[in-house]
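Here is the structure we will look at.
Read-outs: derived from the displayed coordinates by stated rules, not from any lab. Not measured: the values here are computed from a predicted model. So basically every Cβ, Gly included, is an ideal-geometry build from the backbone, and we count neighbours across all protein chains shown.
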Amino acid sequence: MEKTLIILKPDCVQRRLIGRVVQRFEDKGLTLSGMKLMQIEKSLAEKHYAPHVGKPFYPGLIEYITSGPVVVLALAGPNAITVSRKLMGATFGFDAEPGTIRGDFGISKTFNLIHGSDAPETAETEIALYFAPGELLDYSTAAEGWTSKPNEV
Ligand code: IDP
Ligand code: MG
């Protein structure tokens, strides 16, 4: 099953939105494979955001993501990466559609509440940055047979 790496960023934690945001992923039918509260160190943030080195917003992004506790999730499900990005909405709060996480809870460019992997390769790399293999659980839930049809054509 496809997995994606989600981070509830420091503004999400400080604004006490953890439960409401996690609820949206559960409601959609994605399954929590890993979950932890942590504070991201600068060296980890630099690895995670290496693709953005040199961009004008990069220093502020590193400062933001390391500024307080975050909740890191590994979510599993059919098309988990694309589905999660759709639930998150466009990058900037003011652009993001109402009904999405960023569209409903934010209006900022930098403080956009949540990170989600953007492709299978990045998901794999990012999950490995935050979770040791033994910290991820693969399991079935009772409702799963009704939220997604196995081997759907
Ligand atoms: P994404 O989070 O939607 O994948 P990216 O382009 O990968 O967006 O950017 C990573 C993060 O950097 C964004 O989530 C946001 O916090 C921040 N960011 C991106 N572009 C800007 C910008 O133009 N100004 C300020 N912050 C930005
Ligand atoms: Mg990105």
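Within region 88-104, the set of residues being at negative phi and surrounded by 21 or more Cβ atoms within 10 Å (Cβ to Cβ) comprises 88, 93, 96, 101, 102.
Across region 62-87, the number of residues qualifying as in contact with a Gly (Cβ under 9 Å, 6 or more places away or on another chain) and within 24 Å of residue 41 (Cβ to Cβ) comes to 4. Among the residues of region 61-83, the ones that are closer than 30 Å to residue 153 by Cα and within 12 Å of ligand 1 (Cβ to nearest atom) come to 1 in all. Can you find even one residue in region 130-150 that is within 13 Å of ligand 2 (Cβ to nearest atom) and surrounded by 14 or more Cβ atoms within 10 Å (Cβ to Cβ)? No, region 130-150 contains no residue that is within 13 Å of ligand 2 (Cβ to nearest atom) and surrounded by 14 or more Cβ atoms within 10 Å (Cβ to Cβ). Is one or more of the residues making up region 86-109 in contact (Cβ under 8 Å) with a residue 24 or more places away in the chain, within 15 Å of ligand 2 (Cβ to nearest atom) and in a loop (DSSP other than H, G, I, E, B)? So far as region 86-109 goes, yes, one or more of its residues are in contact (Cβ under 8 Å) with a residue 24 or more places away in the chain, within 15 Å of ligand 2 (Cβ to nearest atom) and in a loop (DSSP other than H, G, I, E, B). All told, residue 101 falls short of being of a type in the set (A, V, I, L, M, F, W, C), within 22 Å of residue 61 (Cα to Cα) and within 10 Å of ligand 1 (Cβ to nearest atom). The residues in region 2-54 that are on the phi > 0 side of the Ramachandran plot and surrounded by 15 or more Cβ atoms within 10 Å (Cβ to Cβ) can be counted, and the count is 1. Just checking, does region 47-60 include any residue being aromatic (Phe, Trp, Tyr), away from ligand 2 (no atom under 15 Å from the Cβ), in contact (Cβ under 8 Å) with a residue 40 or more places away in the chain and farther than 30 Å from residue 152 by Cα? Looking for residues that are aromatic (Phe, Trp, Tyr), away from ligand 2 (no atom under 15 Å from the Cβ), in contact (Cβ under 8 Å) with a residue 40 or more places away in the chain and farther than 30 Å from residue 152 by Cα, one finds none in region 47-60, hence no.
The single condition among (1) in contact (Cβ under 8 Å) with a residue 12 or more places away in the chain; (2) out of contact with any Lys or Arg (no Cβ under 7 Å at 6 or more places or on another chain); (3) in a helix (DSSP H, G or I) that residue 146 does not meet is (1). For region 2-13, does any single residue satisfy the condition of being among the acidic types (Asp, Glu), without any contact (Cβ under 8 Å) to a residue 24 or more places away in the chain and farther than 30 Å from residue 146 by Cβ? Looking through region 2-13, none of the residues is among the acidic types (Asp, Glu), without any contact (Cβ under 8 Å) to a residue 24 or more places away in the chain and farther than 30 Å from residue 146 by Cβ. Within region 61-82, the residues that satisfy the criterion of being assigned to a helix (DSSP H, G or I) and either within 16 Å of ligand 2 (Cβ to nearest atom) or of a type in the set (Lys, Arg) (or both) are 61, 62, 64, 65, 80, 81, 82.
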